[in-house]
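Peer 1: Let me begin by handing over the structure; questions about it come next.
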Amino acid sequence: MQSRELVKNQAYVDGQWVSAASGKTLDVLNPATGEKVGEVPDLSAAEASAAVEAADRAFASWKKTTAKQRCALLRRWYELLMENQEALAQLLTAEQGKPLSEARGEVAYGASFAEWFAEEAKRTYGEHIPSPSPTSRLVTILQPVGVVAAITPWNFPVAMITRKIAPALAAGCTVVLKPAEDTPLCALALAELAERAGFPAGVINIVTTADPAAVGDTLTAHPLVRKVSFTGSTPVGKHILRQAADTVKKVSMELGGNAPFIIFDDADLDEAIKGVLISKYRNAGQTCVCTNRIYVQRGVQDEFVKRFSAAVAELRVGKGIDATTEIGPLINTKAIERVESVVKQALDQGAQLLSGGQRHEAGELFFQPTLLGQVNEQMDIANQELFGPISTLFVFDEEEEVIERANATPFGLAAYFYTRDIGRCWRVAEGLEYGMVGINEGIISNEVTPFGGIKESGMGREGSRHGINDYLELKYICMGGV
Ligand code: SIN
């Protein structure tokens, strides 16, 4: 790292940089080398609860600020994020492992939510409703929900935070955020820049911990928390939904996926291969919207396998900090052991190894970009989120058949397909049971469009003009005696 200026070793609560009362800390390791990048406090459930109380006190005045004031602070935060893009990207690569070029992209993507919601803060319009009575007037207004608990994952340690915090602050809510244990340093760097931007004490709180279950349960069950926003696995999401039920909190859930990527025989094969490579191998396959199942129409199967295996074999694996790296390490030992066992099980169940399949010589947490052929839906690998650099190939014959097979999963986050037939574009996009569909595109995320899933992939939308709604309550006011 060129600079350690943004590397904090304390959590951020009520406008103060704090250590754990117990003195306990948690080491943050570089997944590419195993070296220590920094350490953060291991806060307890009681300390998380104190952060919620601080956020609740701050809410009393923050909710009264004007949209213009909140816009100015968010805009300043955006500028500071971009001014510090390189330092943040280096920190991100150090604690998370992704290639530096992807980390730079993630910082810009993350910053774009601060910019976008600075603008949206000023557009939370209510409405006037024509009254059925001559003596009353009817209006609606939108008001902030209150204290928000945000729980974020390690795969996008900048963007998944700003995608939640920015709309919450724009709406007039205050936030307590628990970052993932593997990647808390980016969260603290974001808080440092928010402090420099001028956000008042208690409006943003970052609670780091080595005990995510206890701290997470405290946040998601706390009576002062009115809204929970979570990005992570479906099993944890279900647990949080149960936790939040007792106090009937508002919830947003961005959960797991099982994205199909369908290549029809009329597709531009070169473009389809580019699309599937980026969609599958970005962040070493560790995103919720990564391609999970590649469906190739029989007519182009042989040509696709030939060209795609050649492209996979050329992917450069290495430390994220090296300029030529395209695939970095997996996040931790548990992740690589899981990927190894998923591949082994698929091979035991009859899949064909076309390339990779083992740990990579670059280091303990590196896995070879892997391609498995002859996969079918009866195999376990077809029915789970891979979260690693593994491609699985399925063959299909008919359009209706592939839509049915693509939909045969409890998940419904993202789906992709490549075709040049305009009628098919509409039929397939409408037929796929997913919250987001990419047609002739492998990367579809940005700040201006709604990100989110259906079925067991979650509820609520992040980004876009819809992303602020989950942080607002709609109030109806009836004025009589006119
Ligand atoms: C995710 O994996 O949860 C986010 C991916 C994205 O925003 O593109």
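The values are calculated or read from the model by the stated rules, or taken from the named source; none is laboratory data. Since this is a predicted model, take the numbers as computed values, not measurements. Every residue, glycine among them, receives a Cβ derived from its backbone with ideal geometry; neighbour counts consider all protein chains shown. Note: accessible area is taken over every heavy atom of the protein model, side chains too, but ligands, DNA and RNA are not part of it. Shrake-Rupley method; radii C 1.70, N 1.55, O 1.52, S 1.80 Å.
Peer 1: Using protein chains only and a probe of 1.4 angstrom, how many square angstrom of residue 109 are accessible, to the nearest 10?
Peer 2: 40 Å²
Peer 1: So what's the net charge close to residue 269: Lys and Arg +1, Asp and Glu -1, counting the other residues with Cβ under 12 Å from its Cβ?
Peer 2: With Lys, Arg at +1 and Asp, Glu at -1, the net is -3.
Peer 1: Using the Karplus curve 6.51 cos²θ - 1.76 cosθ + 1.60 with θ = phi - 60°, what ³J(HN,Hα) values do you get for each residue of region 227-239, in whole Hz, with x for Gly and Pro?
Peer 2: Karplus values, whole Hz, x for Gly and Pro: 8, 10, 10, 10, 10, x, 6, 5, x, 5, x, 5, 4.
Peer 1: Using only the alpha-carbon atoms, how far is helix 301-313 inclined from the longest principal axis of the chain? Give it as 0 to 90 degrees, nearest 10.
Peer 2: Helix 301-313 sits at roughly 70 degrees to that axis.
Peer 1: Heads up, I need the accessible area for residue 409: 1.4 angstrom probe, whole protein in place, Å², nearest 10.
Peer 2: 10 Å²
Peer 1: Ok, one more. Below 12 angstrom from the Cβ of residue 78, what's the summed charge of the other residues (Lys, Arg +1; Asp, Glu -1)? Please report the intermediate quantities before stating the final value.
Peer 2: Working: positive: 75, 76; negative: 79, 83, 115, 119, 447.
Net charge in that neighbourhood comes out at -3.
Peer 1: If you place +1 on the Cβ of every Lys and Arg, -1 on the Cβ of every Asp and Glu, and leave all else neutral, what size is the dipole of region 308-387 about its Cα centre, to the nearest 20 Debye?
Peer 2: Value, rounded to 20: 120 debye.
Peer 1: Roughly how many Å is it from the Cα centre of region 311-326 to that of region 214-265, as a whole number?
Peer 2: Rounded to whole Å, the Cα centres lie 33 Å apart.
Peer 1: Could I ask something else about it? Please go through region 1-85 and write out the trypsin sites (Lys or Arg not before Pro) that DSSP classes as loop and that have at most 13 other C-beta atoms within 10 Å.
Peer 2: Those satisfying the criteria are 4, 64.
Peer 1: Hey, another quick one. Note down the magnitude of the dipole of the chain about its Cα centre, charges +1 on Lys and Arg C-beta and -1 on Asp and Glu C-beta and zero elsewhere, to the nearest 20 debye.
Peer 2: It works out to roughly 1720 debye.
Peer 1: Give the angle, between 0 and 90 degrees and rounded to the nearest 10, that separates the Cα long axis of helix 67-83 from the longest principal axis of the Cα atoms of the chain.
Peer 2: With both axes taken from Cα atoms, the answer is about 40 degrees.
Peer 1: Please give the direction-averaged projected area of the C-alpha convex hull for region 259-446, in square nanometres with one decimal.
Peer 2: Averaged projected hull area, Cα only: 10.2 nm².
Peer 1: Just going by the charge dipole of region 87-232, with Lys and Arg at +1 and Asp and Glu at -1 on Cβ, which of 199, 129, 165 is farthest out on the positive end?
Peer 2: 129
Peer 1: Next up: Among 403, 111, 320, which residue has its Cα furthest toward the positive end of the charge dipole of the chain, with +1 on Lys/Arg Cβ and -1 on Asp/Glu Cβ?
Peer 2: Farthest towards the positive end: 111.
Peer 1: Still on this structure, please answer the following. Structure shown: which of 164/455; 68/164; 36/249; 36/63 lie over 28 Å apart, alpha-carbon to alpha-carbon? Write down the numbers at each step before the final one.
Peer 2: Numbers: 164/455 21 Å; 68/164 20 Å; 36/249 38 Å; 36/63 40 Å.
Over 28 Å Cα-Cα: 36/249; 36/63.
Peer 1: Quick one: angle between helix 422-431 and the longest Cα principal axis of the chain, in degrees between 0 and 90, rounded to 10, please.
Peer 2: 60 degrees
Peer 1: Based on Cβ point charges of +1 for Lys and Arg and -1 for Asp and Glu, what charge dipole magnitude is obtained for region 259-446 about its Cα centre, in debye rounded to the nearest 20?
Peer 2: 640 debye
Peer 1: Radius of gyration and Dmax for region 63-187's Cα atoms, expressed in Å?
Peer 2: 18.1, 65
Peer 1: Give the long-range amide H neighbours of residue 394: residues separated by 5 or more places, or on another chain, with amide H under 5 Å away, using H modelled in the peptide plane at 1.01 Å from N.
Peer 2: For residue 394, the qualifying residues are 294, 295, 296.
Peer 1: Helix-only mean residue ellipticity at 222 nm, the chain, DSSP H runs n ≥ 4 weighted -39,500 (n - 2.57), per residue, nearest 500. What is it?
Peer 2: About -12000 deg cm²/dmol.
Peer 1: Between the DSSP loop rule and a limit of at most 13 other Cβ atoms within 10 Å, which GluC sites (Glu not before Pro) in region 152-232 are left? Intermediate values should be presented prior to the final figure.
Peer 2: Values: sites: 181, 192, 195; in loops: 181.
Sparse-neighbourhood loop GluC sites (Glu not before Pro): none present.
Peer 1: Something else: Work out, step by step, the length gained on full extension between residue 322 and residue 9: first 0.36 nm times the residue separation, then minus their alpha carbon distance; give nm to one decimal. Intermediate values should be presented prior to the final figure.
Peer 2: Values: separation 313, 0.36 × 313 = 112.68 nm, distance 2.60 nm.
Taking residue 322 through residue 9 to full extension adds about 110.1 nm, to one decimal.
Peer 1: Non-local amide H neighbours of residue 29 (under 5 Å, H modeled in plane, Pro and chain starts lacking H): which ones?
Peer 2: Those qualifying (amide H under 5 Å, at least 5 residues apart or on another chain) are 37.
Peer 1: Right, another one. All other residues with a Cβ under 10 Å from the Cβ of residue 256 taken together, and with Lys, Arg as +1 and Asp, Glu as -1, what is their net charge?
Peer 2: Numbers: positive: none; negative: 254, 385, 456.
Net charge in that neighbourhood comes out at -3.
Peer 1: What shape does the chain take by its C-alpha gyration tensor, where a ≥ b ≥ c are the square roots of the eigenvalues and a/c under 1.5 counts as rounded, a/b above b/c as prolate, and the rest as oblate? If you can, show how the numbers build up before the last one.
Peer 2: On the way: a/c = 2.02, a/b = 1.33, b/c = 1.51.
Oblate.
Peer 1: Would region 49-95 count as rounded, prolate or oblate if I go by the C-alpha gyration tensor, calling it rounded below 1.5 in a/c and otherwise prolate when a/b exceeds b/c, oblate otherwise? Before the final figure, lay out each step's value.
Peer 2: Values: a/c = 6.38, a/b = 1.52, b/c = 4.20.
Oblate, because a/c is 1.5 or more while a/b does not exceed b/c.
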